[in-house]
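Okay, structure first, notes after.
Rule-based calculations on the coordinates, nothing more; no lab input. Note that the structure is a prediction, hence the values are computed from the model and not measured. Ideal geometry is used to build each Cβ from the backbone, glycine not excepted, and the neighbour counts take in all protein chains shown.
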Amino acid sequence: MAGNFPEIWLKRVIRMMEQALKAPWLDGIGEVEGDVIELGAGTETEKNIIHVPLSTFEPEVLVNNTTYPIDAVEYTDDNATLQLNKFQTEVTTLNDDQVMGASYNKIDEATKSHIRAITKKKLGMAIHAMAPASHTAATPVLRTTGEAFGGRKMLIYEDLVALKDAFDKAGIDVEGRRLVLCTDHWNDLLKDRKNFGDQLVNYKKGDLAPNIAGFDIYQYINMPLYTSAGAKKAFGAAPAAGDYAASVAYHESNVGKKTGKTKQYFLAAALNPRNQSNELNYRHYFIVMPFENKAIGAIASDAAA
């Protein structure tokens, strides 16, 4: 086995992790500026945090001003400490015969399940974090109003217009609105082939997202659940009667993401003579969050009467 086996694998996994983040609804969402700070490295309380600047400062704009000197206003801001989510995989055992030479093919084969599992979990938590906890004027949570299908009311165009109206009334900029549809709602629009079928069916990789009712439209499978009372359920909670997956809307300027450290934990087979087996798993830090509790919304299915 190559002497630099652990280092080679870690570098390869980090590279593959970056390539695995295939979520078009996060394309163009920049990394939050600032360095990730590691606290308690190597301990049970290890954390990755970042200090996020917060500012609602906006100077007054003077039109056709003739009065001088112009009034001065001091810039003000604040900051928040954000703790990145920690993702850890279970330990995988690999005997020496499987890893001799540490070729890229063997690295990719042995670690792709770790990468896939972490990526699915981090994206699911990302879209869940962008969904409002409940309905407010700044964070509208609406219900579908279409025909009954499968025990629920289908998503229709009027529901998208209602969400657009709620965003308009909340003063959210028109440019940059995104809507990630859950599977049920995506399929609802597919059934309306006259109005939406071609737009969604022709949505190919690399093309621009279709724009409907002022929202760039995307889809994702692992969407947050809402109760019949309109409250968002905890991430990973099992669905109960009356719970439905929701579609999530947000403005791209109000969302940021941050990638923290990726660590590999490795026990060499040489230290495990009875089994002659290597053990490894991975720890990865990542978060996606709205900067403020506004400019986010959702449409949850409503139960059919």
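With bins 10 Å wide beginning at 0, the percent of Cα pairs of the range 111-152 falling in each bin runs 22, 26, 30, 18, 4. Too long at a 31 Å Cα-Cα cut-off: which of LYS169/LYS257; LYS86/LYS191; LYS169/LYS232; LYS232/LYS258? As for pairs spanning more than 31 Å Cα to Cα, those are LYS86/LYS191. Here the gap between LYS120 and ALA268, fully extended at 0.36 nm per residue and compared with their Cα-Cα distance, gives a gain of 50.5 nm.
Taking 7 Å steps out from each Cα toward its Cβ at GLU147 and GLU46 produces label points 5.5 nm apart. Once both labels are positioned 7 Å from their Cα atoms along Cα-to-Cβ, the gap between LEU190 and ALA238 label points is 2.8 nm.
Expressed in nm to one decimal, what extension gain is obtained for the pair ARG15 and VAL36 from 0.36 nm per residue of sequence separation less their Cα-Cα distance? Could you put the intermediate results ahead of the total?
Values: separation 21, 0.36 × 21 = 7.56 nm, distance 1.84 nm.
Full extension of this stretch gives 5.7 nm more.
Listed by chain and number, the aspartates and glutamates whose alpha-carbon sits under 19 Å from that of LYS153, ignoring those within fewer than 8 places in the same chain, are ASP184, ASP188, ASP192, ASP243, ASP302.
Would you kindly state how much longer the chain becomes between GLU292 and GLN276 on full extension, computed as 0.36 nm times their sequence separation minus their alpha carbon distance, in nm to one decimal?
Details: separation 16, 0.36 × 16 = 5.76 nm, distance 5.16 nm.
Additional length available on full extension: 0.6 nm.
Peptides 112-125, 263-276 ordered by packing proxy, namely the average of other Cβ atoms within 10 Å per residue, highest first: 112-125, 263-276. Normalised by residue number, the volume inside the convex hull of the Cα atoms of the range 203-305 is 217 Å³ per residue.
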